[in-house]
Amino acid sequence: MIGSVADFPRLYRQCFDNLSNGGWIETLDISFPILLNDGEFPENSAFKKWSDLFMEGCEKLGRLANSAELYRSQLEAAGFVDVVETKYIWPSNRWPKDRKLKELGMFYILTMDTLLNAN
């Protein structure tokens, strides 16, 4: 959803207002800037440049590239209770030693390759 919604607080209010009692909403998104597990990317990294340009493009469109960081507070402000936020590591390559993280990294590569080569 990142970069596609101009007003998340409004969206969440509309969701809340249109759910039946006991209804719930689930959101899933990434957040920028993209970070390394052990710090930030070197200044000359192509991945950092891509992340920075994505953030700049979102800003020019009036969108937040880090909107996921605000979802919890925005959901609570809209009236949702018992909001649960879970953050995951999402590798961008096959380097992790952990089998599950390695598999996630391979899916990421496949997805990005498909998206970035789309016509």
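The values are calculated or read from the model by the stated rules, or taken from the named source; none is laboratory data. Computed from a predicted structure; not experimentally measured. Neighbour counts are summed over all protein chains in view; Cβ atoms, including those assigned to glycine, are modelled from backbone coordinates with ideal geometry. What goes into the accessible areas is simple: the full protein's heavy atoms, side chains included, and nothing from ligands, DNA or RNA. Shrake-Rupley method; radii C 1.70, N 1.55, O 1.52, S 1.80 Å.
Let me spell out the model: positive unit charges on the Cβ of Lys and Arg, negative unit charges on the Cβ of Asp and Glu, origin at the Cα centre of the chain. What dipole size does that give, in debye rounded to 20?
Result for the chain is approximately 320 debye, rounded to the nearest 20.
Straight-distance candidates among the lysines for linking to LYS87, with alpha-carbon spacing under 23 Å and chain neighbours fewer than 8 residues away dropped: LYS48, LYS97, LYS100, LYS102. Split the accessible area of the chain by element, probe 1.4 Å, and carbon with sulfur accounts for 55%.
Applying both filters, DSSP loop and at most 15 other Cβ atoms within 10 Å, to the chymotrypsin sites (Phe, Trp or Tyr not before Pro) of region 1-68 gives TRP24. Of all stretches in the chain that contain no trypsin sites (Lys or Arg not before Pro) in a DSSP loop with at most 11 other Cβ atoms within 10 Å, the longest one is 1-86. Taking only the C-alpha atoms of region 1-85, the Rg (one decimal) and the largest Cα-Cα distance, Dmax (whole number), read 15.4, 51 Å.
Helical content alone sets the calculated 222 nm signal of the chain at -13500 deg cm²/dmol, taking -39,500 (n - 2.57) per DSSP H segment of four or more residues and averaging over every residue. Based on protein heavy atoms only, the chain ends up with 79 Å² per residue of surface accessible to a 1.4 Å probe. Across the chain, the relative contact order, built from alpha-carbon pairs under 8 Å that are at least six residues apart, equals 26 percent.
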